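I have a structure I would like to understand better, so I am pasting it below and will then ask my questions one at a time.
Derivation of every value follows stated rules applied to the coordinates shown; laboratory data play no part. Because the structure is a prediction, the values reported are computed rather than measured. Cβ placement follows ideal geometry from the backbone for every residue including glycine, while neighbour counts extend to all protein chains displayed.
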Amino acid sequence: MDSDTAMHLLAETLLTAAKVSAPVLLATLVIGVAISVLQVVTQIQEMTLTFIPKLIAVVVVFLMMGAWMMAIVVEFSKRLFGLVAGM
């Protein structure tokens, strides 16, 4: 394996990881900001208040997007193993 192939695989791996993790990260970001604004408005300063809504958001995102995430990971793995087998 030459350095160009390794760099291409590294870039593709990072892109795949970003695509798979983006829905979960965006959902928790939105929920976290919304709960933080609610805490500021109501002056409730409880640090654990954001935990349950974020956990629920992560579960909902995994239920809605889990098949898509798995399809992307499986497709990437097939291409990667095919490339390794062809060496």
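Rounding to the nearest 20 debye, state how big the charge dipole of the chain is about its Cα centre with +1 on each Lys and Arg Cβ and -1 on each Asp and Glu Cβ. Write down the numbers at each step before the final one.
Details: 4 positive and 5 negative charges, 45 e Å.
Roughly 220 debye for the chain.
While we're here: How tilted is helix 3-42 with respect to the longest principal axis of the chain? Cα atoms for both, answer in degrees (0 to 90, nearest 10).
With rounding to tens, the tilt is 10 degrees.
Further, regarding this structure: Among 44-52, 31-39, how do they line up from the highest to the lowest mean number of other beta-carbon atoms within 10 Å? Don't skip to the end; give the middle numbers.
Details: 44-52: 10.3, 31-39: 13.9.
Ranked from most to least packed, the peptides come out as 31-39, 44-52.
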